[in-house]
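**Q** Sharing a structure, written as C-alpha cells. Questions coming.
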Amino acid sequence: MTGLCIAVPNGALLAGACELLAAAGIDGVAASHFDDALLVEIGGHRLIKVRPTDAPVYVQMGAADCGIVGKDMLWETPHDSYELVDLRFGGCRLVLAAPEDSPLAAGTWPPALRVATKYPRSARTFFDRINVTTELIKLHGSVELAPATGLADAILDIVATGRTLRANRLVEVAEAGRSTARFIVNQASLKTRSEAVTALAAGLRRAVTDRAAPRAAEGVA
Amino acid sequence: MQDAPNVEGAGAPRGRAGGFTDWLPGAARRRRTVGDAMIRTFEGWGYGMVATPLIEPLDTVSSGVGAAKQTQLFRFMDADGALLALVGERTVSVARVVATQLRDGPYPLRLCYAGPVLRNQPPLGGRRRENLQAGCELIGAACIAADAECVALAAEALARAGLDGVQVDVGHADFLPGLLEGAGLDAADRDRVLAALSGRDLVAVEEALEGTPIGETERALLLRFPALRGGREILDAAAQGLRAERPRRALAELAQLWDLLMAHGLDGHLHLDLGAVRDWDYYTGPTFELFSGELGFPLGTGGRYDGLLERFGLPLPATGFVLHVDRCCDALARRSGEAAVPLPPALRVAYAAGGEAMAIRAATVLRGPGAAVACDLEPSDAPPPGADLFVDADGGARWWDGKRWADATTAEAVAALAVNGNAGARTAGRQALPAGRPGGGPRG
C-alpha cells in the first residue's frame with residue numbers, strides 16, 4: 001500500500017481527527033505529535049497539520065491526497081474533491097442571529113437586511129434559498145460586534161454551544177446549515193491511489209460507527 | 001540572510017495578472033513539443049485540424065459543456081452591444097463549425113484542435129486561468145467503436161507526448177441516472193441524488209436517498225460509490241439484481257468498450273469506474289478521464305455527447321476528448337525533476353570586420369540541414385571564446401574542432417561543421433537556460 005499525504009486541521013478538530021485516524025488503522029497518531037511539528041511521518045503516511053480553511057486547498061491541489069475538514073470549510077471553498085465520510089464529530093451549525101430586541105428576532109423580516117458574515121458563499125446560497133434580499137458584509141472575525149455597532153442588522157455565523165450569541169445578546173432566527181467533520185479525497189488520488197484511500201475511508205467509517213454504537217446503547221438505557 | 005534585491009525602476013508596470021503564466025524558453029519549448037506531439041498523433045489517426053476563434057458569442061459558448069461554469073467566463077461587449085466571451089473550452093466551437101460549414105460531412109467526421117482556453121477563476125487559488133488544450137471530436141458515429149477510438153487515441157497522444165503508462169478510467173454517464181430511474185425514484189428525488197453525486201458528496205448522497213423507495217441492490221451499489229471500480233468483472237457484479245433496461249444497457253456498452261480497448265492495447269492501464277461523476281446535462285454515454293500519479297488533476301477528459309450538435313440544429317451523435325497540455329507539462333516536470341527541457345545547442349558564427357556578408361551566408365548554409373545557428377551581431381578582432389566558426393575578412397576562416405581552432409577556407413569550415421553538426425558544437429550546455437522555478441506558477 002502506498003503511503004498517503006493526509007491533511008489534518010489545526011484547532012478544535014485536531015484531537016478528534018487524530019483519534020479517528022488512529023482508530024481507522026494509522027496506529028499511534030495523536031494530537032501531541034503536532035505540538036512542535038507540522039509534518040509527521042507515521043505508519044507509512046505523511047500527516048500535515050494545516051489551518052482548517054487551508055485543508056480543502058491542499059487536497060484540491062493534490063498537495064495532500066486526502067484530509068479531514070469541517071463541512072463549513074467546504075461551503076466556502078469551491079472544490080473538485082470527493083467527500084466520502086461524515087465523521088460525525090466537530091459538529092456546529094450555521095445560523096442567522098439578530099439582537100434579541102430586534103423586529104427580526106420577533107419574527108418580522110425587514111424589507112432590507114444587512115448581514116455580516118465570515119461565510120459569504122454560504123450566506124448567498126441560504127438567502128437565495130429562502131428568497132430574502134440581503135446586503136452581505138464580509139468580515140474576518142468577531143462578527144457578533146456588527147449588530148451592536150450598527151454595522152449590520154444580523155449576523156450569519158457558526159455556532160457550537162450558543163454561548164457567544166447569548167453573551168452578545170443575540171438570538172437565533174434561522175438555521176442555514178449543519179456541519180460536521182468530513183473525510184475528503186483529491187479527485188486524482190481517488191483514482192490513482194484508490195486502494196489506500198478506500199481502505200482508509202472504510203477504516204474511518206468503521207471507527208465512526210463503532211463510536212456511535214455505545215452511545216446509541218446508552219441512549220436506549 | 002539576504003536583502004531583497006533592490007530593483008531599478010520601482011513602480012514601473014511590471015505586474016502579471018494572477019493565474020497567468022510566462023513560459024520561459026525551456027518550459028515553452030516543452031509545452032510546444034507536447035502540443036505538437038499530440039496534434040501529430042491526432043493527424044496520424046486521420047483527424048483534420050481546425051482552428052477556431054478565441055472569442056465566441058456568449059450564447060454559443062453557453063450551449064457547451066459546464067453550463068455551471070458560466071460564471072467563470074471572461075465576457076465583454078461587441079461594438080453593437082452583443083455579448084462575447086473568451087472560450088472556456090473548444091468543443092462547442094467545433095460543434096458550431098460542424099453544424100454550419102461542415103454540415104455535409106463526410107461522416108464520420110474526424111476533427112482535432114489545439115488552442116488556449118480561458119477561465120475567469122478567482123486568482124490566488126493557484127489555478128491557471130489560461131490553459132492550452134488539445135483535443136479531438138469524432139462526429140456522426142453512434143457506435144462504441146468510436147468511443148474506443150477516442151479513449152485509445154487520447155492515451156496514445158499522451159504517450160507520444162512523453163507521458164506513457166497513464167491510468168485510464170472509463171465510466172458511463174447514463175449508468176447512475178438509469179439506475180435511479182430503474183429504482184423507481186421520481187424526478188425530484190433523482191435530481192437531488194444526482195446533484196449530490198455531481199457535487200462528489202457521498203454524505204449528501206446518503207441523505208438524499210433517505211425516504212426514497214430505492215431497493216437494497218441499487219442502494220448498496222450507490223453507496224459503494226465511488227468504489228465501483230475495477231476490471232471487466234465489476235460489470236457482471238453490478239448487473240446482478242439490476243432489472244431495469246437502462247443501467248443494464250450502459251453496462252453492456254462498457255463491456256463492449258472494454259473488449260475494444262484491449263484490442264487497442266490498453267491492457268493494464270484501464271479501469272472501469274461506475275461511480276464516475278460527470279456533467280450529466282452534457283455527456284450521454286461512455287466517459288473517461290486520464291490520470292498520472294504525479295498530478296492531482298486529470299490530464300485529459302472525454303466522453304460521448306450526443307445532445308450538443310442538436311443545439312446547433314444538426315442532430316448527430318458525437319464523442320471526443322480534451323487533453324490539458326499545461327497539466328501534462330506539470331506532470332513531465334515532476335516526473336523528470338526538471339522545470340524545463342534544454343534548448344538545442346546553437347552553433348555560433350563570429351567574424352572579423354569585413355567578414356560579415358560571408359558569415360551570414362555561412363550561417364544560412366549551416367541552417368539548411370536543420371542546425372540551430374546564431375550569428376554574432378558585431379565583428380570581433382579574434383575568434384571569441386564560445387564561437388564555432390570565425391570568418392576572416394579575406395575569405396579565410398577558422399573552426400573549432402572541439403579542442404582547437406583549425407584553419408580552412410570558409411567553405412571547408414562550413415562543410416566540416418555541417419558534418420559534425422551540433423554534436424560537435426561546444427555550445428552544449430553553454431547557453432544556460434533561464435529555468436523557471438518549479439512550483440512558481442499556477443497549476444491545474
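FYI, it's all coordinate maths here, none of it is from the lab. For clarity, every value in this text was computed on a predicted model and none was experimentally measured. Here Cβ is always computed from backbone atoms with ideal geometry, including for glycine, and neighbour counts include all displayed protein chains.
**Q** What is the distance, in nm, between label points placed 7 Å from the Cα along the Cα-to-Cβ direction at residue B:381 and at residue B:54?
**A** The modelled label-to-label distance comes out at 4.9 nm.
**Q** Taking GluC sites (Glu not before Pro) that fall in a DSSP loop and have at most 15 other Cβ atoms within 10 Å as cut points, what is the longest piece of chain B between them? Mind dumping the intermediate values first?
**A** Values: sites that count: B:8, B:210.
The longest uninterrupted stretch comes out as B:211-444.
**Q** Let me have the 222 nm mean residue ellipticity of the protein assembly as shown computed from DSSP H runs of 4+ only, each contributing -39500 (n - 2.57), with the sum over all residues rounded to the nearest 500. Intermediate results must be reported in sequence, preceding the final value.
**A** Details: 22 runs with 227 residues, N = 665.
Value at 222 nm, helices only: -10000 deg cm²/dmol.
**Q** I've got another one for you. Cut-off 19 Å, label point 7 angstrom out along Cα-to-Cβ of residue B:232: give me the residues of the stretch B:286-301 whose amide nitrogen falls inside.
**A** B:286-287
**Q** Okay, next question. How high is the FRET efficiency from residue A:133 to residue A:22, r the C-beta distance, R0 30 Å, rounded to 0.05? Walk me through the intermediate numbers first.
**A** Numbers: r = 48 Å, r/R0 = 1.60.
FRET efficiency, residue A:133 to residue A:22: 0.05.
**Q** In whole angstrom, how far apart do the alpha carbon centroids of the stretch B:125-148 and the stretch B:319-347 sit?
**A** Using only Cα atoms to place each centre, the spacing works out to 19 Å.
**Q** Determine, from the Cβ-Cβ distance of residue B:310 and residue B:14 and an R0 of 60 Å, the FRET efficiency 1/(1 + (r/R0)^6), rounded to the nearest 0.05.
**A** On the way: r = 49 Å, r/R0 = 0.81.
After rounding to 0.05, the efficiency reads 0.80.
**Q** What do you get for the angle between helix A:14-23 and the principal long axis of chain A? Use alpha-carbon atoms, 0 to 90 degrees, nearest ten.
**A** Computed tilt is about 40 degrees.
**Q** In whole angstrom, how far apart do the alpha carbon centroids of the stretch B:63-121 and the stretch A:12-27 sit?
**A** If we compute the Cα centre of each part, the gap is 47 Å.
**Q** Another question, then. Helix B:356-367 versus the longest principal axis of chain B: what angle, 0 to 90°, nearest 10, using Cα atoms?
**A** That works out to roughly 40 degrees.
**Q** Hey, rough spin-label estimate for residue A:109 and residue B:415, points 7 angstrom out along Cα→Cβ, what's it come to in nanometres?
**A** Output for this residue pair reads 9.2 nm.
**Q** Here is a further query. In degrees between 0 and 90, to the nearest 10, how far off the longest principal axis of chain B does helix B:245-263 point, with axes built from Cα atoms?
**A** Taking Cα atoms only, the helix is inclined about 30 degrees.
**Q** Relative contact order, percent, of chain B when contacts are C-alpha pairs under 8 Å separated by at least 6 residues?
**A** Details: 810 pairs, mean separation 78.7, N = 444.
Once divided by the residue count of chain B, the mean separation gives 18 percent.
**Q** If I model a spin label as a point 7 Å beyond the Cα along the Cα-Cβ vector, how far apart are those points for residue A:38 and residue A:209 in nm?
**A** 3.8 nm
**Q** Whole Å is fine, so just give me how far the alpha carbon centre of the stretch B:284-299 lies from that of the stretch A:45-72.
**A** Spelled out, the Cα-based centre of one part sits 21 Å from the other.
**Q** On to the next question. Taking the beta-carbon count within 10 Å as an exposure proxy, list B:118, B:377 from fewest neighbours to most. Walk me through the numbers on the way to the answer.
**A** Numbers: B:118 21, B:377 6.
Fewest-to-most ranking of B:118, B:377: B:377, B:118.
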